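The structure appears below as structure tokens.
Derivation of every value follows stated rules applied to the coordinates shown; laboratory data play no part. Since the structure is predicted, the reported quantities are computational estimates derived from the model, not experimental observations. Here the Cβ is made from the backbone with ideal geometry for all residues, glycine too, and neighbour counts use every protein chain on show.
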Amino acid sequence: MCLKIKTSYIILLFFLIGLSTNSYAINPEKYVVNQASKENFPLVGNGKIASILVDDKDYAGVLKVTGHLENDLFKVSDLHPKRIKKISEAEDFVVIIGTLGKSEIINHLAKKGKIDANLLQGKWEKFATQVIENPFKGIKKALVIAGSDKRGTIYGIYDLSNQIGVSPWYYWADVPVKKQSELHVRPGIHSQGEPKVKYRGIFINDEAPALTGWAFEKFGGFNSKFYDKVFELILRMKGNYLWPAMWGRMFYVEDPQNAVLADEYGIVMGTSHHEPLTRAHAEWGKSNGKWDFTANSEALIQFWKDGIKRMGNKETIVTIGMRGDGDEPMTEGTAIELLENIVKTQRNIISQVTKKPAEETPQIWALYKEVQDYYDKGMTVPDDITLLLCDDNWGNIRKLPELDSKPRKGGYGIYYHYDYVGGPRNYKWINTNQIERVWEQMDLAYQYGVDKIWIVNVGDIKPMEFPIEFFLDMAWNPEKFNAGNLEQYYADWAKKNFDNHFTAEIAEILKLYTKYNSRRKPELLDSRTYSITNYNEADRIVAEYQKLVEKANSVNEKLKPEYKGAFYQLVLFPVLASANLNELYVAQAKNQLYAEQGNVAANDYGEKVKTLFEKDAELTNYYHAQIANGKWNHMMSQTHIGYDNWQQPDKNVMPKTKKIAPAVQAVKVITAEKILKKETSISKKQDLAQAHGFIENDGYISIESENYTKAINSDSVKWTIIPNLGKTSSGVTLKPSNSKPVEISEQSPRLEYTVCFFSKGKIKVNAYFSPTINFKKGDGLKYGIGFDDEKPQIMNLNADSSEKAWAESVANNIKIIASTHKIEKAGNHVLKIYGIDPALVLQKIVIEIQEGKVLQSYLGPPQSFRKE
């Protein structure tokens, strides 16, 4: 118990250190306050609001977003600021907005030395917001928002909106704006510097039927009215990059104003990994012939030329390369020479149409699925092209640059997934993404030098609000995030979106519902997932969700009415719907068990399945019809019940149940409840006096990874607990992630776990790891394991790289590696886990002392008793 307290204390200490240094990103500095002072700038005060001065020759996007700020100020204060175009029109207090080099007003302030041009000159997307005394004659005080470029200025404007209390989700999740009568800006220079990742964006994907149905009902399609809302959302979160909707959609064709508006806002456009040279795949009609460069190169070349012509001077990252028709492999085998020729042809098209060298147009080549094989086997890629590395569609990065590789001019990017259509199963209904895992994998990528592009597949945008903002916040500055401050991110997000109402409770709900949902995607759940007979597992799962339901309902009852809509979307619905679905499958499992026994209790559970299935539809209907007066109709219409293969069913299908006639009731039945009540206890016959650590019970020992007896670090790497990561408790990993493999020695970094066995002989240790993929050269990521002074066994996390093994590990969201050991005598022993490769994340250890004693379950046995 003492060690537990000590460990918790250390975690808390790091957490508090993180807090004190503002080491994460939502709002690193609060510079708008509600108190007036001589030094502060009175943005709103005493019933008055400062006017806004902006050069009408500044970028159109800056002028548009200045209008958004005016609206935001009105929402907050009920006062609408006056926009002025000339300095002579200004009064005592004015907000001055502009881009260095584009705005004559900002240029003049820089020339006079009122602002320091060196802070912005030549910078990428940087803004500086500061209070200036007497900037011009007749103006007492100005709040100046100056940007290094168009997006820099836009970020500065939206940053002020964020500071006065307007959430990026005010439209997309109906987060209300709190009324305030006093808004004052503190003195000093307020800036978030330059982003560490150059291009940061989202991919709208798999959008039918949910987003598609919604967009057509509300906007008439994926047109510029729809994208206006998307572009604004991205920029409010300081993103700058978009792959548009693509399921039968044509961004440039359906509404030519889409591209014009993106350029105005400063959104960098791209196309998905299999849509070369800005052409949506839906643009390739049957009349164009076969999507085959060998057989139909002339048509493809013309198709691509037209795409680059249409692009013009708009800021774009051009996707190059080629996959087969419909996002399939292009050929059987590895067609390196063919793909090299395709890329050469595409680059010639780019240079011919743009009339400048190809390397002056940003390009990406996505190493997606089989395309990575081409690169691994030696395909030549021009140095200026950004290599877009990918995850495995399930949040596990497939490849990273080698640590000793030469720098590339084009650098590297990552394409990540929150949503996916494909094997082993689609997942796109609800948020199942833990920010702890996202952080761990993207921190790994960043430490390996991946900082040119971060883009994430977000499906329908909703209901991925929380992880989207985390991804873009982290992309701005990955160095501000660490394992110790992730928990605070939940609290800050809750505080910001719910005006500090029930912050701790909402943060806890967000943290736990995403943890529970990440154990297994809802589309993969069935009656066999959780055991109803072993370790009380299924009932524990239902109870955990029910506890969240009670907490979420309690918060909802106490919330001010104006926050209930946002709360339903962001918190309550995912909790209610996920809890309901898990309970449904557990009820089905009990129905099946009792039916096999001839127990009429099966009928009660059959009825419960029906009730819960109907409740799923009711929750969805409430979301569609009641929230915000039907604003979000269609948005939760992804099917999620009744999968029998990787592809979704056409509609939700109620799980099958069985009915038992009372006449066939068996004489002797064993109910699930009786089985569940089976308890295990430590035999009183054992002399426990000398026992230490985790004690054998029922032939096994189960340990959560963070509960080690001792962690031995080295000068180069340290063991790091990632709180909340994983299926049951937390994860432990070596940081930094870009360290070289460690050769095992007596000084090796290792985790030690004291255990006590009541028997001797052959035992098996099952180590539960996050399903990390071997992202570098070599045969896999390794660790060492042994008891006491025995020579450690070297274990390979990726020894089985088969498709079947991968599918099992991502479906289960765990990878279990077994090692066997011989224990010479009963008593106390020390299990040692040796760090070799970084990036392995250990979640749990289950030691099987007597064969067959570890019973079947999804999460493994609960943690064993520990004696200090």
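Local charge for TRP124 was computed over the other residues whose Cβ lies under 15 Å away, with Lys and Arg +1 and Asp and Glu -1, and equals +4. Using the Cβ-Cβ distance between LYS406 and LYS309 with R0 set to 45 Å, the FRET efficiency works out to roughly 0.80. Evaluated with a Cβ-only charge set (Lys, Arg +1; Asp, Glu -1), the chain carries a dipole of roughly 1120 debye about its Cα centre, given to the nearest 20. Look at the dipole of the chain built from charges on Cβ: of SER739, ILE87, LEU725, the Cα furthest out on the positive end belongs to ILE87. Quick one: net charge around GLU104, please, counting Lys, Arg +1 and Asp, Glu -1 for every other residue with C-beta under 13 Å from its C-beta. Its environment carries a net charge of +3. Counting DSSP beta bridges with both partners in the stretch 199-483, what percentage is antiparallel, nearest 5? Once the DSSP bridges in the stretch 199-483 are tallied, antiparallel ones form about 10 percent. Compared with the alpha-carbon gap, the fully stretched path from ASP698 to GLN302 is longer by 135.5 nm at 0.36 nm per residue.
Given +1 at the Cβ of Lys and Arg, -1 at the Cβ of Asp and Glu and no other charges, the dipole of the stretch 688-867 around its Cα centre is 140 debye to the nearest 20. As a rough guide to protection, the peptides 799-809, 772-782 ranked by mean Cβ packing within 10 Å, highest first, stand as 772-782, 799-809. Counting every other Cβ atom within 10 Å of each residue's Cβ, TYR415, TYR622 order from fewest to most as TYR622, TYR415.
Summary value for the stretch 747-827: 48 percent relative contact order, contacts being C-alpha pairs under 8 angstrom separated by 6+ residues. For HIS190, neighbours were defined as the other residues whose beta-carbon sits under 9 Å from its Cβ, and their charges (Lys and Arg +1, Asp and Glu -1) total -1. Find how many whole Å separate the alpha carbon centroid of the stretch 103-121 from the alpha carbon centroid of the stretch 406-426. Comparing the Cα centres of the stretch 406-426 and the stretch 103-121, I get a distance of 40 Å.
In terms of the mean number of neighbouring beta-carbon atoms within 10 Å, the peptides 711-723, 475-487 order highest first as 475-487, 711-723.
Placing unit charges on each Cβ (+1 for Lys and Arg, -1 for Asp and Glu) gives the chain a dipole about its Cα centre, and among SER554, GLN626, SER637 the Cα reaching farthest toward its positive end belongs to SER554.
Reported to the nearest whole Å, the Cα centre-to-centre distance from the stretch 383-402 to the stretch 808-859 is 30. Label-to-label distance, LYS658 versus VAL33, with points set 7 angstrom from Cα along the beta-carbon direction: 7.0 nm. Applying both filters, DSSP loop and at most 15 other Cβ atoms within 10 Å, to the trypsin sites (Lys or Arg not before Pro) of the stretch 57-164 gives LYS57, LYS82, LYS85, LYS86, LYS112, LYS137, LYS140. Neighbour counts of C-beta atoms inside 10 Å place ILE506, ILE701 in the sequence ILE506, ILE701, starting with the fewest. Of the DSSP H helices in the chain, those with a Cα length along their own long axis of 18 Å or more and a mean Kyte-Doolittle hydropathy reaching 0.0 comprise 2-20, 60-77, 336-354. Neighbour counting of Cβ atoms within 10 Å sorts the residues VAL65, VAL421, VAL343, fewest neighbours leading, into VAL421, VAL343, VAL65. Since only PRO522, ALA245, ALA110 are under comparison, the one whose Cα sits farthest along the positive direction of the charge dipole of the chain, derived from C-beta charges on Lys, Arg, Asp and Glu, is ALA110.
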